[in-house]
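Asks: Supplied in structure tokens, the structure appears directly below.
What follows is calculated from the coordinates using simple rules that are stated; it is not laboratory data. In this text, all values refer to a predicted model and were calculated from it rather than measured experimentally. Note that we place each Cβ from the backbone using ideal geometry, even for glycine, and neighbour counts take in every protein chain shown.
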Amino acid sequence: MEWALANLLNHPEVLKKKAKTELDILVGDHLINKSDFAELQYLQCIISEDSRLYPPTAPLEDTILQIAATVLVSLPVI
């Protein structure tokens, strides 16, 4: 999870233009539910790629996706 956030922060154009936009459009102001994850295709790709590059030590994919989405929703637009 730390790698995913570090990679997003090192590439603010991806964070601002793609990931945060997807969250703003598909989730909006409500808290993220598990049912929202199916709609967050770009965020799933980010998590999958980071999991491929930096494999997690335990199978926590749903938890990781939920944490990533929660953090991205709370980040200010740069």
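Asks: In the neighborhood of D24, defined by Cβ-to-Cβ distances under 12 Å, what is the net charge if each Lys or Arg adds +1 and each Asp or Glu adds -1?
Replies: Spelling it out: positives minus negatives among the neighbours equals +2.
Asks: What is the packing order of peptides 34-42, 3-11, taking the mean over residues of other C-beta atoms within 10 Å and listing the highest first?
Replies: So the peptides 34-42, 3-11, ranked by packing, come out 3-11, 34-42.
Asks: In sequence order, what are the phi-derived ³J(HN,Hα) couplings for region 25-40 according to the Karplus relation 6.51 cos²θ - 1.76 cosθ + 1.60 with θ = phi - 60°, rounded to whole Hz, with x for glycine and proline?
Replies: Listing the rounded values in order: 6, 8, 9, x, 9, 7, 5, 6, 9, 4, 5, 6, 4, 5, 7, 8 Hz.
Asks: Provide the gained length on full extension for the span L26 to C45, in nm with one decimal, where the gain is 0.36 nm per separating residue minus the Cα-Cα distance.
Replies: So the extension gain works out to 5.3 nm.
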